[in-house]
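The values are calculated or read from the model by the stated rules, or taken from the named source; none is laboratory data. None of these values were measured; they are calculated from a predicted model. Cβ placement follows ideal geometry from the backbone for every residue including glycine, while neighbour counts extend to all protein chains displayed. Heavy atoms of the whole protein, side chains included, go into the accessibility calculation; ligands, DNA and RNA do not. Shrake-Rupley method; radii C 1.70, N 1.55, O 1.52, S 1.80 Å.
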Amino acid sequence: MRAAQKTAKGVSLYSRYVNRPVGRVLAAAAYRLHLTPNQVTLVSAAFSGAAIAALAVCRPSWPLAVAVWAGLAVGFAFDSADGQLARLLRAGGPAGEWLDHVVDCAKITAVHAAVLITFYRHFPLPSDGWLLLPLGFQLAAVLIFFGGLLTDKLTPKTPGAAAPAPSRLRAAALLPVDYGVFCLVFLLLGSERAFRTGYLLLFAAHAVFLAAFLTKWFRALRRV
């Protein structure tokens, strides 16, 4: 399984030392259960979807906070496991990659929509302006996901080129925009003020990184 890992370049410390190792265990278990990578992707979607549905439907509480975080975190780990299993089985292909990215896009879009529903239904917000926060966060998260994906697809690959050594400093700097770190904010869901504050801070980080990423990606593609 260690040989079935992606490069660590551009990956945060959470994904490198938490999510991928957990995904490795889940991929090994899926292999023993004779699951396909696409089936693992659907398991990931089920965990994430259940957590998002609970967030949208249930009244915020500390037990719900733990349940939503757990569902999102486990779904994220299975999202790592499907790719590792595909590389282990040498079963990767366009259809599997398409399914994985569609599930990711749905997850990123839906989770912020669920936060908006929670804000509207359950939180005594200081003003209606707070309802714009999940919409802005959703926009930033989708643009980072889609922009990074499209940049990777449009960047020419050099066959046989060695992957650059990952930077630990960069991996630490990327923590605020790692999806696994984002999932942690839902542990604050039992406190309306704490959750709003944590969610706002993560949105601010995403907005700053979005501006930096878009500038970097555009300049890189202009040199192609």
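Here are a few things to note about the model shown:
- A65 being farther than 14 Å from G180 by Cα and either charged (D, E, K, R) or surrounded by 18 or more Cβ atoms within 10 Å (Cβ to Cβ) (or both): yes
- Test: residue in the range 31-53 that is part of a helix (DSSP H, G or I), open to solvent by 40 Å² or more (accessible area, probe 1.4 Å) and aromatic (F, W, Y): yes
- Any pair with Cβ under 7 angstrom, 6 or more apart, that starts in the range 1-30 at a residue that is closer than 16 Å to G75 by Cα and ends at one that is modelled with pLDDT of 90 or more and of a type in the set (D, E, K, R): Y14/D178; S15/D178
- A91 being part of a helix (DSSP H, G or I) and among the aliphatic types (A, V, I, L, M): no
- Qualifying residue in the range 101-117 (condition: part of a helix (DSSP H, G or I) and more than 22 Å from F137 (Cβ to Cβ)): no
- Within the set G129, G96, G83, G71, the sole residue that is of a type in the set (G, A, S), surrounded by fewer than 16 Cβ atoms within 10 Å (Cβ to Cβ) and part of a helix (DSSP H, G or I) turns out to be G129.
- Here is the figure for the range 140-159: residues that are of a type outside the set (G, A, S) and crowded, with 16+ Cβ neighbours inside 10 Å total 3.
- Residue among I108, I117 that is at pLDDT 95 or above, crowded, with 17+ Cβ neighbours inside 10 Å and farther than 25 Å from Y31 by Cα: I108
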